[in-house]
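One structure is given here, and the rest of the page talks about it.
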Amino acid sequence: MYYDVVIAGGSIAGLLCAREVANNGHSVIVIEEDSEIGTPEHCGGLVSISGLENLGVIPQRKTLEHIIESAEIFAPGGKSFEINSAKQKVAAIRRRELDKQIAHQAQKNGAEIRVRTSFNEAIGDKVKTSEGNIKCKIVVDARGVSSLIHKDRFGILSSAQYEVYSDWIKKGKVEVYFDQEKYPGFFAWIIPSAEGMGKVGVAGKGINASQAIEKFLSARGNYSVIRKIFAPIWVKGPIEQFVSNKIVTIGDAAGQSKPTTAGGIYSCGMGGILSGRAISKFLDSEKLSVLEEYQKNWKEKFGKEFEKQLLARKILERIDNKTIDKLFETITPQIVKDISEKDDFDFHAGSLVKLLGLRKSLKVAQTILGGEIKNILS
């Protein structure tokens, strides 16, 4: 059995890569170890409409749940502020349906997709799978965070996300809760799917995610859980090399999710598209140098933004609840208005600068990071 490209993992990145490769007339197969594309659905499911359009996706009715109207952010002491997100056009989507929609795009272009097929290893021009060997020219690793766990555990956080029914979940309103004692280095969240339905999650360094989410839910009041997902998330940013010995790494496996929120529909999806285009050029030219265009192009688009988000993450990891409460006291109505009216959901480092108290009020951050903080302002 032969294909030009074998993609291990039916993630959004893997499927978009397959779509691009097949669109250029090359043979490609996606192998997915689970029994269904789009599962397990551990993504929060937030992405901007413009981001989806850039990925070449117009969400179908069954894919799009609704537009997020606001996000309320809570400090450990209870103080909060609310961002109006209407201008940012952030959508809550059904990730399972989004992946299937993209899988259909890939299949229509000529890609083959095979579920319940595990990637074992790549040796030379041969890929060993649970269903036999496949010969190819390029192997794409789109297996997600599982590819990173054995390489670097320092970028991994424990997380849990439940699908919940409860009257305290409000359609159109996201809630985020910071607490360095309960969710060190991260936060808890509520993402609505509809009125009274949504995804509730927690993540943090070294936490028992199951215990943490149960305590969070118990404090909220009555609820029913209809689905539980436990999965690690990656917050350390992109890996050093996306391409090595004709193995191309994309999506979560390449660390292309946001260091601040671990969201990656857009940034990982663009990794799939850019890699697919570079792979197609390689298959046409046989020049390895064109494969390297993928990493260069992705870094040009996301590199500076991710550097700023990583610096913001360093701040979050080093401050305590008392400091977070003090930072919230510096957030003025004008800062909230600026974020609501001007900032981009997919490139939100500017928002982080504002929330740290603007350029004139960064004494806390400067104490923590010294000269490093200058990079986040440049």
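Odds and ends about this structure:
- Being of a type in the set (A, V, I, L, M, F, W, C), at pLDDT 95 or above, more than 15 Å from the chain's Cα centre (by Cα) and within 28 Å of Gln161 (Cβ to Cβ) is true of Ile273.
Matching residues to (1) in a helix (DSSP H, G or I); (2) closer than 28 Å to Val6 by Cβ:
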residue: Leu52; (1), (2): yes, yes
residue: Gln60; (1), (2): no, no
residue: Ile73; (1), (2): no, no
residue: Gly78; (1), (2): no, no
residue: Ala91; (1), (2): no, no
residue: Ala106; (1), (2): yes, yes
residue: Thr117; (1), (2): no, yes
residue: Val140; (1), (2): no, yes
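- The numbered conditions (1) at pLDDT 95 or above; (2) in a loop (DSSP other than H, G, I, E, B); (3) out of contact with any Gly (no Cβ under 6 Å at 6 or more places or on another chain) are all true for Asn133 except (2).
- Set side by side, the residues Ile83, Ile12, Ile29 differ, and just one is at pLDDT 95 or above and in contact with a helix residue (DSSP H, G or I) (Cβ under 6 Å, 6 or more places away or on another chain), which is Ile12.
- Looking only at residues in segment 48-90 that are without any contact (Cβ under 8 Å) to a residue 12 or more places away in the chain and of a type in the set (D, E, K, R), the one that is nearest to Arg227 (Cα to Cα) is Arg61.
- Per-region count, segment 1-18, residues farther than 19 Å from Ser35 by Cβ and either over 20 Å from the mean Cα position of the chain (by Cα) or aliphatic (A, V, I, L, M) (or both): 8
- The residues of segment 46-59 that are within 20 Å of Ala194 (Cα to Cα) and crowded, with 22+ Cβ neighbours inside 10 Å, listed by number, are Leu46, Val47.
- Residues that are basic (Lys, Arg) and touching a Pro at 6+ places or on another chain (Cβ under 9 Å), drawn from segment 100-139: none
- Which listed residue is surrounded by fewer than 20 Cβ atoms within 10 Å (Cβ to Cβ), modelled with pLDDT of 95 or more and not in a loop (DSSP other than H, G, I, E, B), from Val225, Val164: Val225
- Going through (1) exposed (fewer than 15 other Cβ atoms within 10 Å of the Cβ); (2) in contact with a strand residue (DSSP E or B) (Cβ under 6 Å, 6 or more places away or on another chain) one by one, Ile265 falls short only on (1).
- Residues that are in contact (Cβ under 8 Å) with a residue 60 or more places away in the chain, over 24 Å from Trp234 (Cβ atoms) and either assigned to a helix (DSSP H, G or I) or more than 23 Å from the chain's Cα centre (by Cα) (or both) occur at least once in segment 284-306.
- In segment 31-47, the residues that are more than 24 Å from Ile138 (Cα to Cα) reach residues that are among the polar types (S, T, N, Q) with C-beta atoms within less than 7 angstrom, at least six apart or across chains, in these pairs: His42/Gln161.
- Some residue of segment 144-158 being surrounded by 16 or more Cβ atoms within 10 Å (Cβ to Cβ) and assigned to a loop (DSSP other than H, G, I, E, B): yes
- Residue that is assigned to a strand (DSSP E or B) and of a type outside the set (Asp, Glu), where the choices are Val6, Val21: Val6
- The sole residue among Asn109, Asn133 that is exposed (fewer than 15 other Cβ atoms within 10 Å of the Cβ), touching a residue at least 12 places away in the same chain (Cβ under 8 Å) and in the same structural domain as Gly272 (by TED's automatic domain parsing) is Asn133.
- Sub-6 Å Cβ pairs linking a first residue in segment 205-220 that is assigned to a loop (DSSP other than H, G, I, E, B) to a second residue that is surrounded by 14 or more Cβ atoms within 10 Å (Cβ to Cβ), at least 6 apart or interchain, are Lys205/Leu157; Lys205/Pro184; Lys205/Gly185; Ile207/Ser158, ordered by first then second residue.
- Residues in segment 175-188 that are closer than 18 Å to Gln309 by Cβ and in a strand (DSSP E or B): Val176 only.
- When residues of segment 228-244 are limited to those that are touching a strand residue (DSSP E or B) at 6+ places or on another chain (Cβ under 9 Å) and part of a loop (DSSP other than H, G, I, E, B), the one farthest from Phe302 (Cα to Cα): Ala231
The values are calculated or read from the model by the stated rules, or taken from the named source; none is laboratory data. Please read all numbers here as calculations on a predicted model, not as lab measurements. Here Cβ is always computed from backbone atoms with ideal geometry, including for glycine, and neighbour counts include all displayed protein chains.
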